1. Select from the range 159-172 the residues that are among the hydrophobic types (A, V, I, L, M, F, W, C) and crowded, with 20+ Cβ neighbours inside 10 Å and list them in ascending order.
2. How many residues are part of a helix (DSSP H, G or I) and surrounded by 13 or more Cβ atoms within 10 Å (Cβ to Cβ) if we restrict to the range 240-271?
3. Looking at (1) out of contact with any strand residue (DSSP E or B) (no Cβ under 7 Å at 6 or more places or on another chain); (2) touching a residue at least 40 places away in the same chain (Cβ under 8 Å); (3) in a helix (DSSP H, G or I); (4) within 26 Å of residue 560 (Cβ to Cβ), which one does residue 463 not meet, given that it meets all the others?
4. Say whether the condition of being under 20 Å from residue 511 (Cβ atoms) and in contact with a Lys or Arg (Cβ under 9 Å, 6 or more places away or on another chain) is met by at least one residue in the range 434-443.
5. The conditions are (1) assigned to a helix (DSSP H, G or I); (2) of a type outside the set (A, V, I, L, M); (3) in the same structural domain as residue 618 (by TED's automatic domain parsing), and residue 404 fails exactly one of them. Which is it?
6. Here are the criteria: (1) without any contact (Cβ under 8 Å) to a residue 40 or more places away in the chain; (2) in contact with a strand residue (DSSP E or B) (Cβ under 9 Å, 6 or more places away or on another chain). Tell me which single one residue 311 does not satisfy.
7. Please go through the range 277-325 and pick out each residue that is out of contact with any Lys or Arg (no Cβ under 8 Å at 6 or more places or on another chain), assigned to a loop (DSSP other than H, G, I, E, B) and at pLDDT 90 or above.
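The values are calculated or read from the model by the stated rules, or taken from the named source; none is laboratory data. Note that the coordinates shown come from a computational prediction; the quantities given were computed from them, not determined experimentally. With ideal geometry, Cβ positions are generated from the backbone for all residues, glycine too; neighbour counts draw on all protein chains shown.
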Amino acid sequence: MRRWLRSAAATYSDRNADDELLRHLIDSLFSAPGALFASMFMGLVLTLTVWLMTWSAICGFFVALNILVGIKRLRLTGEYGRMAGIALDRRRLQDFDRRFLFWWTMFSLGIGVENFLLVAKTTEPADWTLASGVTIGFTVAFASRNAGRLKLFLAQVFSMCAPMIVAYAVFPVKNGVVYAGLLCGLLVVAILLGFSAHDQIVELYRANLKTRQMALNDMLTGLMNRFAFTEALEREIERCGLGSREAFSLIVVDLDRFKEINDMLGHNAGDAVIVEMAARLRRVIDGDDVVARLGGDEFVVLSRERRREWPQEASALAERIVVALREPAVIDASSIPISASLGVAHYPDHGVAATELMKKVDIALYEAKREGRNRAAIFDSSMQARFNEERVMELEIETAIARDEFEPWFQPIGNIETGQIVGYEALARWPHPVRGMISPGKFIPSAEQTGAIVHIGEQILQKACAAAAAWPDPIYVSVNLSPVQFRQTSRLVASVREALARSGLPPRRLTLEITESLMMEDTAETRAAIAEFDQMGISVSLDDFGAGYSSLSYIHSYPFSKIKIDKTFIDNIESERESIAIVSAVRVLAEKLDMELIAEGVETLRQHLALRQLGVTRAQGYYYGKPVPQAEAAVAVRHLAAG
């Protein structure tokens, strides 16, 4: 009993109960609406019965009062039911609570006084039994139904039992004192039952609240999850409305290159970065703003503002977020460089529906990443046009793969000293059946974004090896590999083996080119695949040498047999001292490491002569020949063999 009293005292107080608990307890009054109508009907029947038995004017008054109270209770119940879907504030909830208390108590008091009159005005034991039965039945019903609000429950059971206890104690009823004592015992039992029911209601609320929190909160960060944020966004749209001065901005935050953190440092480190990211977002946003984790490394912020403050407030907040997330994260004493890209959209300028706003903010995020990451982009209509164009491009790429439309074009790699062709680089080309030749700069980024580059790379590899197999030995073919292909290393190695087996091309006449962007990931799978290519006798070339960050360490760590020095060092090779020094140093390095050095982007005779003077023996560029279709490359090879 003490436990019940303590629990009820702690949770009943309107000061201590939060709005949700208060709403839950009031809702419990309507957990069985059928019982409400049944009690009203029984109350009316009983008052009519007593009136017909006594024909007392005061009993007739209580019949009328019971009808009035019933109408009021029905109207109040209907009003609360209509407002059930609205988030009632605390004042409205307490107002309903007071009105419930008054009219529900009037109902029970009317029944109690009727029972009192039945004992007071009759001498028939059957009438006393009827009055006692009604008192007992309604008291037990109140204890089980209305314990959600203890004040209401206590008022009802006392107003029901007290008149009968007084009647048995005061009027000359045989064994009246015994009956009064029994009713006092009933009152005590009813109170205990009411406290027990109240305790169960509160415990059920707490259990449901915990379940709801688990369903609506992200377990890793404690923020709202996607489902909860969707609900919050819908409520915010309803609150603002088209005619309101209120507005809000949506800011989607996505960590840059998060997959690399997971791959290199493990998922525990990735989780720690996510937690740190969530903490920084909490510190940056204002108290009225909402932040949620949509999943993975993607977060969203809902920033409330006045319409006249757009877009200044949103831009300032987005910039604060970019700066806050730019600081390295310290995980297990290791400093991990991080950054984030942001997309921003505004209600109502960019949409009035949740799905529309989320679509626009995702497009803005895509634009921020396309522009180089580590920045924020605010949605505008031009982004939508580019996004639509890229989606069309993605669909057309899928169709082109199915139709086997991609083909290799071959650019010669020449011997600077002799002018002879030593090999060809296979470059992917897309002769679109309607739009003509589409530049690789347009379709390759899109294909890498969607993963379609894996299929394109396999098709180019198969066709390049088949073409090279018809060339005279030792002319080789060089094929570029995308970093995306190395995300499925087993598939990549299998496709290389298949291309060689089908074409009959000796492995030594195949060169696979990879870029420094792949080296930056430096995964065990990448190392294993490159080592396997080397064991197969395939040459592996490092493309665009010098354009990245740590090229020397890559040369030391991987079994490269060729290096292609980036075009930026060749452009001014005939006059720029720095370029001459760099190319000379790389030539000596390649010679010492027994690697073949190839200069890219040679377009003029002066560049050709300068490279020959520096001792570079291999070069590629428009000076030696532009990329040509397979048929033209085959003709050039035949002329070379004939000469």
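1. 160, 161, 164, 165, 167
2. Residues that pass the stated criteria total 12.
3. (1)
4. Checked the range 434-443: at least one residue is under 20 Å from residue 511 (Cβ atoms) and in contact with a Lys or Arg (Cβ under 9 Å, 6 or more places away or on another chain).
5. Here residue 404 clears every test but (1).
6. (1)
7. Listed by number, the list holds a single entry, 297.
Yes or no, residue by residue, for (1) among the aliphatic types (A, V, I, L, M); (2) closer than 16 Å to residue 572 by Cα:
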{"residue": "604", "(1), (2)": "no, yes"}
{"residue": "608", "(1), (2)": "no, yes"}
{"residue": "620", "(1), (2)": "no, yes"}
{"residue": "628", "(1), (2)": "yes, no"}
{"residue": "639", "(1), (2)": "no, no"}
